[in-house]
Amino acid sequence: MIVIWTVTFYSQRVEEEILALPAGILARFLRYAERMEAYGPDLGMPHTRAMGGGIFELRIKAAEGIARVFYCTMVDRRVVFLHQFVKKTDKTPSRELDVARRRMKEVKHD
């Protein structure tokens, strides 16, 4: 596999939270993250979706449930995973998206 993009995390804590997801969800996350490294961050629906303002969501569905991982892209072909949560309702809670937006502002202005 040729790595064209670099996948990183907003913080050590975000990485630990993602790695602590249930096994099926984590397995899909890892597979999608590998695809992003090889082909770029736009895997298309139903795997990824633009949320507006430069934020995208990785849509993960497994036997254990549904999770979302918000991410943004940086100029140097870098994908930064900002925030994750396990969905409990059909609609994405705005506070989850707000966390991702705040974190994106931090990484884009460093």
(message) Just to confirm, what accessible area per residue do you get for the chain at 1.4 Å probe, in whole Å²?
(response) 59
(request) Please work out the C-alpha center-to-center distance from region 11-29 to region 30-46 and express it in whole Å. (result) 16
(message) Can you order the peptides 39-46, 9-16 by their average number of other Cβ atoms within 10 Å per residue, highest first?
(response) 9-16, 39-46
(request) Calculate how many DSSP beta bridges within the chain are antiparallel, expressed in % of all such bridges and rounded to the nearest 5. (result) 85
(request) Note the full-extension length gain between Arg77 and Thr8 as 0.36 nm times their separation in residues minus their Cα-Cα distance, in nm to one decimal. (result) 23.8 nm
(message) To the nearest 20 Debye, how big is the dipole of the chain about its Cα centre, given +1 on the beta carbon of each Lys and Arg and -1 on that of each Asp and Glu?
(response) 340
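What percentage of the solvent-accessible surface of region 44-110, computed with a 1.4 Å probe over protein heavy atoms, is contributed by carbon and sulfur atoms?
Of all accessible area on region 44-110, carbon and sulfur atoms account for 52 percent.
For Ala27 and Arg95, what is the calculated FRET efficiency with R₀ set at 25 Å and r taken between the beta-carbons, to the nearest 0.05?
0.35
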(request) Within 10 Å, count the other beta carbons around each residue, average over each peptide in 31-38, 84-91, and list them highest first. (result) 31-38, 84-91
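The values are calculated or read from the model by the stated rules, or taken from the named source; none is laboratory data. Computed from a prediction, not measured in an experiment: that's the story for all the values here. Glycine gets a Cβ as well: all are built from the backbone with ideal geometry, and neighbour counts include every protein chain shown. Side chains included, ligands, DNA and RNA excluded: accessible areas come from the protein's heavy atoms. Shrake-Rupley method; radii C 1.70, N 1.55, O 1.52, S 1.80 Å.
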